[in-house]
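Below: the structure, in structure tokens.
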Amino acid sequence: MLIYHFTELDVYRRSSDLAERIFILSKRWPTDERYSLTDQIRRAARSVGANIAESWAKRRYAAHFVSKLTDADGENHEVEHWLLTARRDGYLDSAEFEVLLALKREVGAKLGKMIQSPGPFLLK
């Protein structure tokens, strides 16, 4: 199947799902976390998809494409840090944490495959 737009990528869709779930769950966190934990995790989660979108625009050059995918992967790892923090501080229960962590890992695995084998995604 040919992919014409980054929004057709499963990794983009899954990263958007993760960002949306984090946004919804973080609405119930304490207001004193608004400009720290809540803001940080939302920004990191949204940056994953933004970097995937930016990588799509750089498909002409493998190194540029992979570089932006690597940025997306870095943001995805930052999301994990904030998820761990939210669980530690009691803002996520174990079930919520596990669902979000599994989705974060799925996104990471898909990014890893794209980073390792960028060829099918590059412009010819």
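Each value in this text was obtained by applying a stated rule to the coordinates, not by laboratory testing. Since we're looking at a predicted model, the values are computed, not measured. All Cβ positions, even for glycine, are placed from backbone atoms using ideal geometry, and neighbour counts span all protein chains on display.
Taking other Cβ within 10 Å of each residue's Cβ, how do Val11, Val99, Val79 sort, fewest first? Intermediate results must be reported in sequence, preceding the final value.
Working: Val11 23, Val99 14, Val79 28.
With the fewest neighbours first, Val11, Val99, Val79 line up as Val99, Val11, Val79.
If I stretch the segment between Arg88 and Gln40 completely, what's the gain in nm (0.36 nm per residue apart, minus their alpha carbon distance), one decimal?
Working: separation 48, 0.36 × 48 = 17.28 nm, distance 1.57 nm.
Extra length available between Arg88 and Gln40 comes to 15.7 nm.
By the gyration tensor of its Cα atoms, with a ≥ b ≥ c the square roots of the eigenvalues, what is the shape of the range 9-117: rounded for a/c under 1.5, prolate for a/b over b/c, or oblate? Before the final figure, lay out the partial values.
On the way: a/c = 2.59, a/b = 2.02, b/c = 1.28.
Here the range 9-117 falls in the prolate category.
For a test of understanding, tell me how many lysine pairs in the chain have Cα atoms under 22 Å apart, given they are 8 or more places apart or on different chains.
12
By count of other Cβ within 10 Å, fewest leading, how are Ile22, Ile52 ordered? Provide the component values of the computation, followed by the final result.
Working: Ile22 24, Ile52 28.
With the fewest neighbours first, Ile22, Ile52 line up as Ile22, Ile52.
Over the chain, with a Gaussian network built from C-alpha contacts below 10 Å, which listed residue (Tyr35, Tyr12, Tyr61) shows the highest mean-square fluctuation?
Residue with maximal mean-square fluctuation among Tyr35, Tyr12, Tyr61: Tyr35.
Once you put a point 7 Å from the Cα of Thr7 and another 7 Å from the Cα of Ala57, both along the Cβ direction, what distance in nm separates them?
1.6 nm
Please order Leu84, Leu92, Leu2 by the number of other Cβ within 10 Å, starting at the fewest. Let's see the in-between values first.
Values: Leu84 13, Leu92 22, Leu2 4.
Fewest-to-most ranking of Leu84, Leu92, Leu2: Leu2, Leu84, Leu92.
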